[in-house]
C-alpha cells in the first residue's frame, strides 16, 4: 500500500505542477489537502511518510480519534464537512482551519469556544454557488453581509471562501462556478473589511482540481485520487 500511495501522491503533485505551469502560477500558490474521511489512521500515517502534511476531515468524532492516535504535531488538520453549532467546541480544539462556516450563529459559537481556548480560529465561508437545496452554504447574494457580520467577532478570522459546486461529468462545466467564487472573493476583498483576509479559495476536488487551479484555487481537496475509492 505504501508504494501505491507514494505513487498516487507523486502523480497528484505532478498534475498540480503541470496545471500551475499551464496558467502561469507558482508552486507555492496551491496547498494540497488530503481528504482523509473514512481513511484509517495507519493509512494516514503512510500518507505522512509520502509527504502529505495537511488532512481534511468531515466528521468530528472520527477525526478526533485519528488525530489522537496519530498525535503528530507536524500535521495540520482542516475541517471540511458540515458543522453543527453544538460541535463547535470540538472543532475549535481539533482544527487549524474550518472551511464550512455558513451562518452567523455558527461563527458566533466558534468565536465563543475559541475565546475559551485562547485561540484565534481561522475560518472560510462556504458559498453555495450552485444554489443547490441539497448543499450547505450561504447564497452568493448574502455572503458580503455575512462577512461584515462575522468580521466583528474577535476570536475568528475569515481567510477566504470555499465551495462545493454541482457535479458534472465534464470538469469544464464546473469552471463558471469556480469563476463566480473568485469574483465574490475579489469583490469582498475590495471592501477592505477589518479583520477579514480574502486570500484563500478552497475549491477543486479529484475530478476537477486542474480547472479549479486555472480559475484561482489556493486550497484543493483531494481524496479519491490519493486514497482510492471509499469503501
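Since every read-out is calculated from the coordinates, none of them should be taken as a lab result. These numbers were taken from a predicted model, which means no experiment stands behind them. For neighbour counting, all protein chains shown are included, and Cβ atoms are generated from backbone atoms with ideal geometry for every residue, glycine included.
Quick notes
- Rounded FRET efficiency, nearest 0.05, which uses the C-beta distance separating residue 195 from residue 22 and R0 of 41 Å: 0.70
- Here's the picture: a label point sits 7 Å out from the Cα of residue 134 along the beta-carbon direction, and within the range 81-110 the residues with their amide nitrogen under 18 Å of it are 81-82.
- Once both labels are positioned 7 Å from their Cα atoms along Cα-to-Cβ, the gap between residue 172 and residue 148 label points is 4.0 nm.
- Taking a ≥ b ≥ c as the square roots of the Cα gyration tensor eigenvalues, the range 173-216 comes out prolate, since a/c reaches at least 1.5 and a/b is larger than b/c.
- The range 2-227 - share of DSSP beta bridges that are antiparallel (%, nearest 5): 0
- Cα shape, the range 2-227, gyration tensor, a/c 1.5 rule: oblate
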